[in-house]
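The values are calculated or read from the model by the stated rules, or taken from the named source; none is laboratory data. Quantities reported herein were computed from a predicted structural model and do not represent experimental measurements. A quick note on method: Cβ atoms are made from the backbone with ideal geometry, for glycine too, and the neighbour counts reach across all protein chains shown. Quick note on the areas: whole protein, heavy atoms, side chains included, nothing else; ligands and nucleic acids left out. Shrake-Rupley method; radii C 1.70, N 1.55, O 1.52, S 1.80 Å.
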Amino acid sequence: MMNAEIERRRTFAIIAHPDAGKTSLTEKLLLFGGQIQVAGAVKSNKIKKTATSDWMDIEKQRGISVTTSVMEFDYHDYKINILDTPGHQDFAEDTYRTLTAVDSVIIVIDGAKGVETQTRKLMDVCRMRNTPVIIVVNKMDREGKDPFDLLDELEEELHISVRPLSWPIDQGARFKGVYNIYEQNLNLFQPSKQVVTEKVSVDIHTEELDKHIGSALADKLRSDLELIEGVYPEFNVDNYLQGHLAPVFFGSALNNFGVQELLDCFVEIAPSPRPVQAEERVVDPCEPKFTGFVFKITANIDPNHRSCVAFCKVCSGKFVRNMPYLHVRHNKTMRFSSPTQFMAQRKTTVDEAWAGDIIGLPDNGTFKIGDTLTEGENLHFKGLPSFSPEMFKYIENADPMKTKQLNKGIDQLMDEGVAQLFVNQFNGRKIIGTVGQLQFEVIQYRLENEYNAKCRWEPVNLYKACWIESDDVDELEAFKKRKFQYMAKDRDGRDVFLADSGYVLQMAQMDFKHIKFHFTSEF
């Protein structure tokens, strides 16, 4: 029973550069999963650039996928968990963490723009973990690059071999459909957001193909397919599962085209939950005992209740509601009476969850990102990096009457991993480090609206934060003395050096040979 449940799980993230069509794709997948009846039911997640008041009401329009949303649905015999991640680079860190909780990834690429910087960075994270990747080239109903050029660009930029499993027949206004190489049939395109397109089985070497798409396109398709067979390796599922080969699909998510082909192939080839590396040992999903880790915390999902939800990825065994589980970091036993699973905004209480599932646990400050839950074993799952921030500001209290609220708010938002807090050892001031400018606005807005506290930002000129450690105690002391003004502690009390320029950092690395400088907190 257990293995069958785990075998049918598919947990994956959809990642892309903003505007490549990620939310449209997620929505169409939910449409096929019968979770929404009409397209357009999942909110658009563009940041409205118009009036500040528009998006400042972050609650109303949880508009900007500021955080990863989790959705689950059943499709045929499979149980699918999708994590839709923020594309906006200011929230990249949330996306990196999400990638630690999935077994495979779908990357969406805009057919006209090709590979963009954000996509490269995300691909690096997938490569670090050998996560299998499927690539979807979206927006084929608009003018874009030549498909062969795109494939070359994907191989070059993402450092991965590709193999098309569907092939577009022209593009833009002349887009006729795709030939599904995986199933060997033809899908003809009719631009409709609600209707699913017709499929035709044709032998491409006969006249019949010409009837459907005209002889000029038919000849081009035949020569394209010959070229593909000649140039690209046979599709091999093992190479895909090891992260060496990425299958490529073409389509138009907005017009619901090519999505079902992707889904059918995906459930067939994508991996079921994989073993997870903990510090102590490798945890296999089919072990009978439950283990899981928290990869993200969201404060105030429901504005009426000041509550946080910790998202926990089940790594092995079966999670049962109301059972006692060990919170490893606190070394205390906890029970969860109302664990939830999410379908976009709707959530339902669940009685059990299996390896591969993602559950929401109500959290009143007991969890931090990276916490492990087990049935008693002392395990630590690793690999939830905090990256070195690139922007820094002093955070000051703008209303002395509200000091308590401010401190509580900062604490909870930092738990959520929105940004990182450093306390300067020299003057005791708090410094917030983020990956992007937008996060400062989000923090200020949320402190005011959710914690009733006001903060103001003051400039501080810093280049990078790096965590330092050394086996040479004397050298470490000497370094801290010399750099006294630039030393800070992070929330776990570790030493952080706040370098004010690239040159200073380089000199420090040269002068102090025995000190290790880390740019992620995972070491």
Candidate set from the stretch 334-362 (those that are closer than 18 Å to ASP84 by Cβ and in a loop (DSSP other than H, G, I, E, B)); member that is modelled with the highest pLDDT: ASP357
Selection count, the stretch 444-460, where residues are touching a residue at least 60 places away in the same chain (Cβ under 8 Å), more than 22 Å from ALA488 (Cβ to Cβ) and acidic (Asp, Glu): 1
GLN506 vs. criteria touching a strand residue (DSSP E or B) at 6+ places or on another chain (Cβ under 8 Å) and either at pLDDT below 90 or buried (at least 20 other Cβ atoms within 10 Å of the Cβ) (or both): no
Count of the stretch 410-427 residues which are of a type outside the set (A, V, I, L, M) and modelled with pLDDT of 90 or more: 2
Any helices (runs of 4 or more DSSP H) falling wholly within the stretch 47-137 and containing at least 1 residues that are at pLDDT 75 or above: 92-98, 117-128
Failed item, numbered, when SER44 is tested on (1) open to solvent by 40 Å² or more (accessible area, probe 1.4 Å); (2) modelled with pLDDT of 70 or more: (2)
Single residue of the stretch 363-377 satisfying the filter (of a type in the set (A, V, I, L, M, F, W, C) and within 23 Å of ASP284 (Cα to Cα)) that is modelled with the lowest pLDDT: ILE369
Helices (runs of 4 or more DSSP H) contained in the stretch 214-299 and holding at least 2 residues among the hydroxyl-bearing types (Ser, Thr, Tyr) and exposed (fewer than 14 other Cβ atoms within 10 Å of the Cβ): 215-231
Condition check for GLY409: surrounded by 21 or more Cβ atoms within 10 Å (Cβ to Cβ), more than 30 Å from LYS483 (Cα to Cα) and not basic (Lys, Arg): yes
Single residue of the stretch 378-403 satisfying the filter (at pLDDT 85 or above and of a type in the set (D, E, K, R)) that is surrounded by the most Cβ atoms within 10 Å (Cβ to Cβ): LYS393
Residues that are at negative phi and open to solvent by less than 50 Å² (accessible area, probe 1.4 Å), drawn from the stretch 489-503: ASP490, ASP495, VAL496, PHE497, LEU498, ALA499, ASP500, SER501, GLY502
Condition check for GLU155: open to solvent by 40 Å² or more (accessible area, probe 1.4 Å), without any contact (Cβ under 8 Å) to a residue 12 or more places away in the chain and among the charged types (D, E, K, R): yes
Test: residue in the stretch 432-451 that is open to solvent by 50 Å² or more (accessible area, probe 1.4 Å), of a type in the set (D, E, K, R) and in a loop (DSSP other than H, G, I, E, B): no
Residues within the stretch 456-477 that are part of a strand (DSSP E or B), open to solvent by less than 90 Å² (accessible area, probe 1.4 Å) and within 19 Å of VAL435 (Cβ to Cβ), tallied: 5
Matching residues, the stretch 121-152, being without any contact (Cβ under 8 Å) to a residue 60 or more places away in the chain and under 25 Å from GLY370 (Cα atoms): LYS121, MET123, ASP124, VAL125, MET128
Hits in the stretch 141-185 - residues which are of a type in the set (Ser, Thr, Tyr) and part of a loop (DSSP other than H, G, I, E, B): TYR182
Residue count for the stretch 390-443, restricted to those that are touching a residue at least 24 places away in the same chain (Cβ under 8 Å), among the small types (Gly, Ala, Ser) and under 19 Å from VAL496 (Cα atoms): 3
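How many residues are part of a helix (DSSP H, G or I), closer than 21 Å to LYS79 by Cβ and open to solvent by less than 20 Å² (accessible area, probe 1.4 Å) if we restrict to the stretch 1-26?
3
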